[in-house]
Every structure is written in C-alpha cells, then in structure tokens.
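What follows is one structure encoded as structure tokens, with my remarks underneath.
The values are calculated or read from the model by the stated rules, or taken from the named source; none is laboratory data. Keep in mind that this is a model prediction, so the values were computed, not measured. Reconstructed Cβ throughout: ideal geometry from the backbone, glycine too, with neighbour counts over all protein chains shown.
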Amino acid sequence: MPGNSFGQFFRITTAGESHGPGNVVIIDGVPSGIPISVDDLMVDMDRRRPGQSKLTTQRKEADEAEILAGVFEGRTTGTSVAILIRNTDQRSKDYSDIKDKYRPGHADYTYDARFGFRDYRGGGRSSARETTARVAAGVLAKKLIAQEFGGKVVGYVSQVGNIKASIPSPENVTLEQVESLPDGSPNIVRCPDYEAGKKMIELIDVVRKDTDSIGGVSEIVASGVPAGLGEPVFDKLKADLAKALFSLPAVLGVEYGIGFGCAELRGSENNDIFTSENGTITTESNRHGGMLGGISSGLPIVLRAAIKPTSSLAKEQDTVSRDGTPTTITTKGRHDPCLLPRFVPMGEAMVALVLADHWLRWKAIRGGATAG
C-alpha cells in the first residue's frame, strides 16, 4: 500500500495493524552518534499507550519498544534504525459482529471503496494503533532537534467539548505541567490549565458513562526553532506540518498562529511588527505562529489540531451493511471516550519529525552557515 513513508531527509516508513502481531518503523536519515535507548523511547510510548487512566481505552498494552537495527553501544550508527512494538492484548472476536457492517464516522466504507477489502479487526491499518511506530520515531526526531539547535516540542489539551483552557503563554508551557498536577499526581487529561482540566475530566466521564465520546483541540508548540527552515511553494514548513498532523487519525482541522482568527482582522491588526533585540530580528507579537511565507521566523511555532469524537461506540447506531442493507451497529471493542489525552504525544512526534527533516534539508543547502 503506497503512502506509508513520510519525510525526505529524515524519513520514516511504518507497517502494522491494530490486531496484527505488531507495528514497525524504519527511520532513514538519522545521523550517527545520537544517544538512544529503550528507556528513552518508553517515556513517550508510556504517554501514548492505552489503559493509562479511566479516560482512555482499557486495552492493556505495555507498548515496549524493541530496537532491531541502527543502534550500537547506545548510539545511532548512521544506518537505518528499525523499531518494533508488539501487540499483546488483541481481542479480535470483539469485532466479528461488524465485519460486514460500516461504522458511522470510521474508515470502514472508504477502505472498502479503495481496496475492495478491509481488516475489520479494530480498523486494521486505519486504527490509531499504527501511531505507536510514529511516536517511537518521534523520540529520535526530538533528540535530533534538541542536539542540533536546542529545539523542543510540547503539546497539551486546550479544549474538550465546549470547555476551553486559558493558556496565556503557550511557549512557556512545560512537559512537567502537562504530565503532572501541582501535588505530583498524574495530569490524566494533559491540560496545563488545571481548573479547566477538572471540568474536562468530568465531561469525559459523563460521555463515557453514556457510551458516547467527545472531541476537542490539542495545541502543540515548537520552541527554539531557528529562522530559515522550510522550502518555497509546495514544501513550505506550514504545509508539511499540516500534512503531518492531518495524517494522524481523527484530525479534522489544523491551524497555526492566530489561525481562522485572521478572518476578522485588518492587515494593520494582523501584522506582527518587526523589531531587533541584541542584533536578532524578531517580532513584537506572534500572530503568524512562527512561520512567514511557509518558512520559520525564529519565534515559537504554535499549532492547533481539532480532534473528532471517537467513531467506534457501544451506543447503537443506524448504518448499512456492505451490500447496502439498512441495519444497526454496536461496537464492542475497547475505545477512548476522548482521544485528546493520548493524541498529545502523537502530535508532538509528527511535529518533531517535520522539524528534523527540514533541519537536515536546511543543512544540506546552507552547509556550514549558522541558522537563524
């Protein structure tokens, strides 16, 4: 199946299904000498894994990553890195009743239309289970951008349903704020506005008990990114970031900076005024979200992704079978009542992969020049 690879200089190729033996990623373009271990991978794998709280699917997967190639004595060798994440808690029988039915909102019908065949066990390749491989690759990308230019990517939940967090300075949000509450307990909704987070948890619990689901928004911020990353026209940094986020399951909208808010402003209100601080050119505000003309400006890159409610529901819904016969459907599998808490590390991974790729492309063109 085409479309399983992403990136140019830092390139990943993934394979695997929700209920198959496992998921694997091959990462090309990783420079030699980057320190990496299974423990490093598990930090983000644990943030993505199912069963981590009452807000997520209760499928129990350890998501233990296995490094198969490209690492020797704790460092990358410069050759292709291969990572495997095995599936250990599949319950394929949960899906036997829907093998000839189309779940509303899911990819069942479109996969049939594309291939004339579908893996009905949890959605097969269309399942978010595939993102285990991307998150593993994203750890290497995060290490690369941190080592090369001090880059950092932090995501969090900014909205669930109609509950919106107040995040006055997105670029100042830390991973610690996203992952832990002030008392040290886990921040299971991953919202750094803790009061809004409490309301989000209550709402998710209500829809869960009603065998329903709820959507929301995740904000992802990349800081420390130098000016100059991105290519003109088709390979603009904003275009690749949008593709990266839209390639994730359940993403229905992506915006950066002020986003759709620009539609209400005049040019004089929307423009960020240039200034200079200690010889470095910057802007007084960041409505442009860290990108101008599709090229990074040196300010934090601020993105938002709108995530739809989980499609697979235990609530009975009307649908049709493969031959078009009207019927009803109830999905028995284990599913997230809200995808947002586990989406955060997925979104971070895709943003980091794009930045790693564009950094290597910049280096290939500019050679020994200094970015920014």
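Worth pointing out:
- Selection within region 290-319 - of a type in the set (A, V, I, L, M, F, W, C) and either in contact with a Pro (Cβ under 6 Å, 6 or more places away or on another chain) or under 20 Å from THR275 (Cα atoms) (or both): MET291, LEU292, ILE295, LEU299, ILE301, VAL302
- Residue in region 74-87 that is in contact with a Lys or Arg (Cβ under 8 Å, 6 or more places away or on another chain), farther than 16 Å from ALA141 by Cα, part of a loop (DSSP other than H, G, I, E, B) and at pLDDT below 95 present: yes
- Screening region 194-221 for residues that are touching a helix residue (DSSP H, G or I) at 6+ places or on another chain (Cβ under 9 Å) and part of a loop (DSSP other than H, G, I, E, B) and picking the one that is nearest to ARG287 (Cα to Cα) gives GLY215.
- Among the residues of region 10-28, those identified as in contact with a helix residue (DSSP H, G or I) (Cβ under 7 Å, 6 or more places away or on another chain), more than 29 Å from GLY230 (Cβ to Cβ) and either of a type in the set (A, V, I, L, M) or part of a strand (DSSP E or B) (or both) are GLY16, ASN23, VAL24.
- Of all residues in region 29-52 being over 28 Å from SER185 (Cα atoms) and touching a residue at least 60 places away in the same chain (Cβ under 8 Å), the one that is surrounded by the fewest Cβ atoms within 10 Å (Cβ to Cβ): PRO35
- Filtering region 169-183 to residues that are touching a strand residue (DSSP E or B) at 6+ places or on another chain (Cβ under 9 Å), more than 15 Å from ALA196 (Cβ to Cβ) and outside any helix (DSSP H, G or I) leaves THR174, SER180.
- Checked against (1) of a type outside the set (Ser, Thr, Tyr); (2) modelled with pLDDT under 95; (3) at positive phi, GLY294 meets all criteria but (2).
- Criterion: surrounded by fewer than 22 Cβ atoms within 10 Å (Cβ to Cβ), in contact (Cβ under 8 Å) with a residue 60 or more places away in the chain and among the acidic types (Asp, Glu) - qualifying residue of GLU195, GLU176, GLU148: GLU148
- Matching residues in region 241-272 - criterion: being among the hydrophobic types (A, V, I, L, M, F, W, C) and either under 25 Å from ALA356 (Cβ atoms) or part of a loop (DSSP other than H, G, I, E, B) (or both): LEU241, ALA242, ALA244, LEU245, PHE246, LEU248, ALA250, VAL251, VAL254, ILE258, LEU265
- Residue count, region 16-28 (criterion: modelled with pLDDT of 95 or more and surrounded by fewer than 19 Cβ atoms within 10 Å (Cβ to Cβ)): 1
- Sole residue being touching a His at 6+ places or on another chain (Cβ under 6 Å), of a type outside the set (S, T, N, Q) and either in a loop (DSSP other than H, G, I, E, B) or touching a residue at least 12 places away in the same chain (Cβ under 8 Å) (or both), chosen from ARG129, ARG134, ARG121: ARG121
- The residues listed here are THR280, THR211; of these, the one that is at pLDDT below 95 and on the phi > 0 side of the Ramachandran plot is THR211.
- Flag if LYS363 is basic (Lys, Arg), surrounded by fewer than 17 Cβ atoms within 10 Å (Cβ to Cβ) and farther than 30 Å from ALA107 by Cα: yes
- Unique residue being among the charged types (D, E, K, R) and either free of Cβ contacts under 8 Å to residues at least 24 places away in the same chain or assigned to a loop (DSSP other than H, G, I, E, B) (or both) when the list is LYS315, LYS238: LYS315
- Lone qualifier among THR330, THR310 - being within 30 Å of ALA113 (Cα to Cα) and touching a Lys or Arg at 6+ places or on another chain (Cβ under 9 Å): THR330
Yes/no per residue for (1) in contact with a strand residue (DSSP E or B) (Cβ under 7 Å, 6 or more places away or on another chain); (2) of a type in the set (Lys, Arg); (3) crowded, with 19+ Cβ neighbours inside 10 Å:
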| position | (1), (2), (3) |
| --- | --- |
| GLY216 | yes, no, yes |
| VAL221 | yes, no, yes |
| VAL225 | yes, no, yes |
| LEU241 | yes, no, yes |
| LEU245 | yes, no, yes |
| PRO249 | no, no, yes |
| GLY253 | yes, no, no |
| CYS262 | no, no, no |
| LEU265 | no, no, no |
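- For SER321, the conditions (1) more than 24 Å from ARG118 (Cα to Cα); (2) surrounded by fewer than 24 Cβ atoms within 10 Å (Cβ to Cβ); (3) out of contact with any Leu (no Cβ under 6 Å at 6 or more places or on another chain) all hold with the exception of (1).
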